[in-house]
Amino acid sequence: MSAAPRLAVDIGGTFTDVVLEAGPQRFTTKVLTTPRAPEDAVVAGTRTVLAQAGLGFPDIGVFIHGTTLATNAIIERKGAKTALIATQGFRDVLEIADEGRYDQYDIFIDKPRQLVPRSLRFTVPERIDVHGAVRLPLDEDAVRAVAARLKDAGIESVAVAFIHSYANGAHEARVRAILQEERPGLWVSLSSEVAPEMREYERTSTTVANAYVQPLMAGYLQRLSDAFAAEGSQAPIHLMTSGGSLASLDAARRFPIRLVESGPAGGAILAAHIAAERREPKVLSFDMGGTTAKICLIEDMEPLKGRSFEVDRAARFLKGSGLPVRIPVIEMVEIGAGGGSIARVDALKRITVGPDSAGSEPGPASYGRGGEDPTVTDADLWLGIIDPERFAGGTIRLSMARAESVLDTAIAAPLSLDTDLAARGVAEIVDENMANAARVHAVERGLVLKDHTLIAFGGAAPLHAARLAEKLGIKRILIPPDAGVGSAVGFLRAPAAYELVRSRYMRLDRFDAAVASGLLQDMSREARALATTAAGGAPLSEARAAFMRYRGQGHEIVVELPLRPLQESDAARLRESFEAEYRRLFQRHIPGAVIEALSWTVFVGTQAVPPMPLTAPTRRPRPAPIGHRAVHTARGGRRDTPLYARADFAPGMTVSGPAIIVEEGTSTFVSDAFEAMLDAGGALVLERKADGASPFGA
Amino acid sequence: MTDAALTEIDLQVMWSRLIAVVEEQAQVLLRTAFSAIVREAGDLSAGVFDLEGRMLAQAITGTPGHVNSMAEAVKHFLARFPVETMKPGDIYITNDPWMGTGHLNDFVLTTPCFHRGRLVALFSCTSHLMDIGGIGFGPDGTDVFMEGLFIPHLKLAEEGRFNETLMAMIRANTRLPVDTEGDVYALAACNDVGCRRLVDMMEEFGLTGLDSLARQICDRSRDAVLAEIARLPKGTWRSAMTVDGYDAPVTLAATTTIRDDGIHVDFEGTGPASHRGINVPLAYTTAYTVFGLACAVAPRIPNNAGSLSVFTVSAPEGCILNARKPAPVASRHVIGQMLPDVVFGCLRQVIPDRVPAEGTSCLWNLNVRGEVAEETGNYGFTMAVTSNGGTGARPMKDGLSATAYPSGVKGTPVEIAESITPLIFWKKELRPDSGGAGRRRGGLGQIIEIESGIGRSFELLAAYDRIDHPPRGRDGGRDGAAGYVGLKSGKRLKGKGFQTIPPGDRLVVMTPGGGGIGDPKERERELVERDLEEELISEEAARGIYGRGE
């Protein structure tokens, strides 16, 4: 690993988090996101941490970046004016979708709003069949005619998604060439490059989403790298992907859809690292920022991964209610519950929180920047768990009077409550929303949460972790160092990796070892070349696998392959491996049935060295409090609560709740059910007291 | 933990877990299935039952038709194989349409689940196999014996040993022996996974039996449905709807009675059984009737023996909705899926804001069969390409275009259909002007064009309806467009029955649109303009029907 300083920046909906690691030291800051020109906040925050470290832009060795810009552009429908060119006869692939309803019993559902309206969905004569053979040649005049209409419609970006293009991308490539002649400067995304997989709806949807965010993201990435170059930085910029590994700037420009959810992926990587250091096999990671909360299960130190994702789920975050994208992802649930989430009283006189957020502009009412609605941050401030002097490192001075005023007007008055109870109600509802989302996520995987450890990070999570744990029956919480900027710290732990997938059909009973070996060797070379840049000299490890199924099935399972040339005799071994994996997943295999391989994958990445386990520190007395505050508790009434500075803790120091432990990017609220100790790795460990209140208490 | 002492929280957690267990059971079936209608479209069901055959939880899948029929199926297994005879490793099977889910294509497997040597529950599952021999998956049979292999309640496996005689019989009686055998294994595997997860749960919570949990789940669900019914006006309402039938129109008549203790639907007045395979066994009639009631009255309450007990259904023996063996039943869904519309016809007199106008309602599957270019181990190809028309307008919203309702079976991706069959789809697009005009417009149907890609003829086993009787609009809304089946060269085809598409010609299918609600002239002008710009309606319709420019 190179010793040059490593910079990580995570742009969230509200804050931009910046982390610099130089040798053993880490410098962090948190600045407000600047939505109109996000690079401004990145540069400003970077300048701050460099100054702390006594370094300059030219000293940065590598810059790892993640951002929610792509996600937000889709959710807010603020992407480019985008058109779709499809095969004649298939104008409505996006709208026909899967012909299903995401809620069987609800007659009144709305289908997801597509990124390209029907009036901008064009078709041209062409047809490729399932084997990749041309059934109808591309009508190039028709493509030129569409190009003229794109101009009239003011289109900036185009998605091209033809039937069976994953098997033969020639027609799509030809369309791009024609568009480049007719309309130079137009952005073009091809489905055969963005998501070369069978099933036209998912492939088209992914390609359209890529096209929709591409001009915005490419423009932003260019301005960002220009700005860094102008400051004298020559560091390579790597982008965090939704799958939890790093991509080059060029790959990010071409496939910006892979950057969706990159911030949360960084958080999950951090939590997995924290879990590995402490040998925690069952972890629920909880990342709460200004706009949303993200919940991810980490079993055996690995975040759960998937190959598809839905952006912008509608009603109640139900599966199937969003826009599908086929990209490698870390699986998590995200709900509209953050510090900036807006609280209201609904028609049934119930307090509701979110899913909309006051974001960074205008921000919570207590920021004093024009926010008129009460938010979770305003409630936390009023309850006494946020220190108004130290919020976001003291960069934002919070106004208690403004918090009181909006809580009174919007919540307390309509419900005839006092301000304390109104604020408590807001906090309870947001905590309950998060607990429910966590329960559902765990239940979908058949897991119970009681035996999990909660790892909490992000600006708002350490404030809410204790209450969330109480609601979930969780007995142990970890707050990692620099929890307020957790995702950015996670970026620095992400492997430099590249994963290639190639389709090559092969029946195991007609196994061709030479062809399979040749393919895998080529892929290995290519993946190594792509991963080497980002690895910066670190040793690379490799894994190979095949996606296999019984002939006639529609879904494959992954079968690991040896890292050596394959021989004819390996067919029998592969059959055994397939059957063993099949039995592991589905209890029984099908004797004698034909097995086929559809695609092959090679993963090359920096070795994930398991961190050294930490030794348990000996318990030591607590540090001296730095102040006291009257905190309103979940069990009613205000209680005098000591304030501690996290920086004053040495490993082993223990305090009993209630307590507030403040640091630069966040504060940890230790409820009276928990005690907190700093461990040898610098994490705060909150353990439930033996005589603690009921985890299911009010 | 003693069985009776479940705390509130434990109950909630275990109930959620039980639902998660059956959802995982269903996912395993989906992932391991060979049948394309299962793995791509979700035509399957999965559930867990107590030892009295009460259904405790059922996965929410694409098949409301399996809701009550699954719930009843296990009782029939218990009658044939009493619990005291069940052994670990046993698996029971049937495809009896009257004791399963309504036609021979649906295999039902039930597996006893043991925990520490004691029988604690039964897992059951169903999936739609693409071919079970006989005349094939179409409505042309004149009795059930023509429709394929009939498997009574048998042991598929005994103490872990598969019944090879039965497997050989099954393989020898289907055009798709490879797929059918694979699907039997998939069904067996999903029950195994469900059982393993249930045992994990019982270990974790220290449960020895499910009695207390079962009782509480059923009681609570029942009370929750009754609480919803308590808010409805009480009384009796009637409605009737006529559909195409096989060769003569069929009238479906319902009398719905809402009382304090439940809702009963009786189908007195409904037409007689057909001599072709569109007849419906009562279990399937009950399932779609109850589904319609649940959507309108209690959409958020999970299906189990408790919640389902509140809704009851009767139909005169021998009518098309209570056909007796040996009536042919292969395409029972064409009539059965109409039943929510018939129920809504009653309920719109009571709760008009909670029910939609009539929709396409029956699936418009392309049931196709023919030769293939290369040897696969099967006999040619057989495939149901699932596809749908438009749903009826909702009181406050337009209908949904090309969307399954009441079925939840998803559409088959064209790329998948072309990978299983040698067909080429030249078109699959929305059908302009097909949504019934109204203040709220019906959903649009679609236009599909298919040709053989290997220059051979292929066969269509048509099972369509709403060609002579399109979905009706209401309150001044217009009817949805009628469905259409024909050849590209011009010939009109029949809506039901076996027909051949010659080489070089194309099959053209236009699925119906949903009915509209309210006067089209009252539709907001910006919505008319949007529909016109999107080419969902034509200029002529905008002027002539919606009064654009008036």
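The values are calculated or read from the model by the stated rules, or taken from the named source; none is laboratory data. No experiment lies behind these values; they were computed from the predicted model shown. Methodologically, a virtual Cβ is constructed for each residue, glycine included, from the backbone with ideal geometry; neighbour enumeration extends over all protein chains shown.
Numbers at a glance
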| read-out | value |
| --- | --- |
| Yes/no for A:Arg620 being surrounded by fewer than 17 Cβ atoms within 10 Å (Cβ to Cβ) and assigned by TED's automatic domain parsing to the domain that holds A:Met548 | no |
| B:Thr208 in contact with a strand residue (DSSP E or B) (Cβ under 8 Å, 6 or more places away or on another chain), more than 14 Å from every other protein chain (Cβ to nearest Cβ), assigned to a strand (DSSP E or B) and surrounded by fewer than 16 Cβ atoms within 10 Å (Cβ to Cβ) | no |
| Residue in the stretch B:158-172 that is within 27 Å of B:Glu23 (Cα to Cα), among the hydroxyl-bearing types (Ser, Thr, Tyr) and either more than 14 Å from chain A (Cβ to nearest Cβ) or crowded, with 17+ Cβ neighbours inside 10 Å (or both) present | no |
| Exclusive hit being within 14 Å of chain B (Cβ to nearest Cβ), assigned to a loop (DSSP other than H, G, I, E, B) and either modelled with pLDDT under 90 or over 30 Å from A:Gly244 (Cα atoms) (or both), set A:Pro623, A:Pro617, A:Pro591, A:Pro651 | A:Pro591 |
| Residue tally, condition within 13 Å of chain B (Cβ to nearest Cβ) and either among the basic types (Lys, Arg) or within 26 Å of the chain's Cα centre (by Cα) (or both), over the stretch A:543-559 | 7 |
| Test result for A:Gln104, more than 18 Å from A:Phe309 (Cα to Cα) and either at pLDDT below 95 or not assigned by TED's automatic domain parsing to the domain that holds A:Thr206 (or both) | yes |
| Count - residues of the stretch B:323-337 that are surrounded by fewer than 24 Cβ atoms within 10 Å (Cβ to Cβ) and in contact with a helix residue (DSSP H, G or I) (Cβ under 8 Å, 6 or more places away or on another chain) | 2 |
| Residue pairs meeting the criteria (Cβ under 9 Å; at least 6 apart or on separate chains; first within 17 Å of B:Val193 (Cα to Cα) and facing chain A (nearest Cβ under 8 Å), in the stretch B:30-43; second of a type in the set (Phe, Trp, Tyr) and outside any loop (DSSP other than H, G, I, E, B)) | B:Arg31/A:Phe586; B:Thr32/A:Tyr550; B:Thr32/A:Tyr582; B:Thr32/A:Phe586; B:Thr32/B:Tyr185 |
| All positions within the stretch A:76-105 that are of a type outside the set (Gly, Ala, Ser) and facing chain B (nearest Cβ under 7 Å) | A:Phe90, A:Arg91, A:Asp92, A:Glu95, A:Ile96, A:Asp98, A:Glu99, A:Arg101, A:Gln104, A:Tyr105 |
| Number of the condition not met by A:Gln214 [criteria: (1) free of Cβ contacts under 8 Å to residues at least 24 places away in the same chain; (2) more than 28 Å from A:Thr606 (Cα to Cα)] | (1) |
| Subset of the stretch A:280-302 (residues that are modelled with pLDDT under 90 and either of a type outside the set (Asp, Glu) or at negative phi (or both)) | A:Gly289, A:Gly290, A:Thr291, A:Thr292, A:Glu299, A:Met301, A:Glu302 |
| Members of the stretch B:387-431 that are closer than 24 Å to B:Gly336 by Cβ, out of contact with any strand residue (DSSP E or B) (no Cβ under 9 Å at 6 or more places or on another chain) and either in a strand (DSSP E or B) or within 7 Å of chain A (Cβ to nearest Cβ) (or both) | B:Leu400, B:Thr403, B:Ala404, B:Tyr405, B:Gly408, B:Lys410 |
| Residue that is nearest to the chain's Cα centre (by Cα) [pool: residues in the stretch B:367-386 that are closer than 20 Å to B:Ser331 by Cβ and within 13 Å of chain A (Cβ to nearest Cβ)] | B:Thr386 |
| B:Ala437 being in a loop (DSSP other than H, G, I, E, B), modelled with pLDDT of 95 or more and of a type outside the set (Phe, Trp, Tyr) | yes |
| All positions within the stretch A:445-479 that are away from chain B (no Cβ under 14 Å), crowded, with 24+ Cβ neighbours inside 10 Å and in a loop (DSSP other than H, G, I, E, B) | A:Gly458, A:Gly459, A:Ala460 |
| Among residues of the stretch A:265-294, those that are farther than 10 Å from A:Ile455 by Cα and part of a strand (DSSP E or B), counted | 4 |
| Residue list for the stretch A:238-277, filter: closer than 18 Å to A:Leu216 by Cα and in contact with a His (Cβ under 6 Å, 6 or more places away or on another chain) | A:Leu239 |
| Scope the stretch B:244-287; condition within 17 Å of B:Val310 (Cβ to Cβ) and more than 20 Å from the chain's Cα centre (by Cα); matching residues | B:Thr256, B:Thr257, B:Ile258, B:Arg259, B:Asp260, B:Asp261, B:Gly262, B:Ile263, B:His264, B:Asp266 |
| Scan of the stretch A:170-206 for residues that are within 14 Å of chain B (Cβ to nearest Cβ) and either among the small types (Gly, Ala, Ser) or more than 23 Å from B:Ala402 (Cβ to Cβ) (or both), ordered by number | A:Ser191, A:Ser192, A:Ala195, A:Pro196, A:Ser205 |
| Meets criteria (away from chain A (no Cβ under 13 Å), within 25 Å of B:Phe162 (Cα to Cα) and among the aromatic types (Phe, Trp, Tyr)) for B:Phe145 | no |
| Contacts under 9 angstrom Cβ, first residue in the stretch A:570-590 being over 15 Å from B:Asn191 (Cβ atoms) and in contact (Cβ under 8 Å) with a residue 12 or more places away in the chain, partner in a loop (DSSP other than H, G, I, E, B) and of a type in the set (Ser, Thr, Tyr), 6 or more apart | none |
| Residue check, B:Met70 outside any strand (DSSP E or B), assigned by TED's automatic domain parsing to the domain that holds B:Leu213 and out of contact with any helix residue (DSSP H, G or I) (no Cβ under 7 Å at 6 or more places or on another chain) | yes |
| Extreme residue, farthest from the chain's Cα centre (by Cα), among residues of the stretch B:474-500 that are touching a residue at least 60 places away in the same chain (Cβ under 8 Å), closer than 20 Å to B:Asn367 by Cβ and assigned to a strand (DSSP E or B) | B:Phe498 |
| Enumeration of residues in the stretch B:58-75 that are surrounded by fewer than 24 Cβ atoms within 10 Å (Cβ to Cβ) and within 14 Å of chain A (Cβ to nearest Cβ) | B:Ile60 |
| Residue under evaluation B:Ala46, criteria (1) under 14 Å from the mean Cα position of the chain (by Cα); (2) at the interface with chain A (Cβ under 10 Å from one of its Cβ atoms); (3) at pLDDT 90 or above, criterion not met | (2) |
| Residue tally, condition in contact with a Leu (Cβ under 8 Å, 6 or more places away or on another chain) and either among the hydrophobic types (A, V, I, L, M, F, W, C) or at pLDDT 95 or above (or both), over the stretch A:422-451 | 10 |
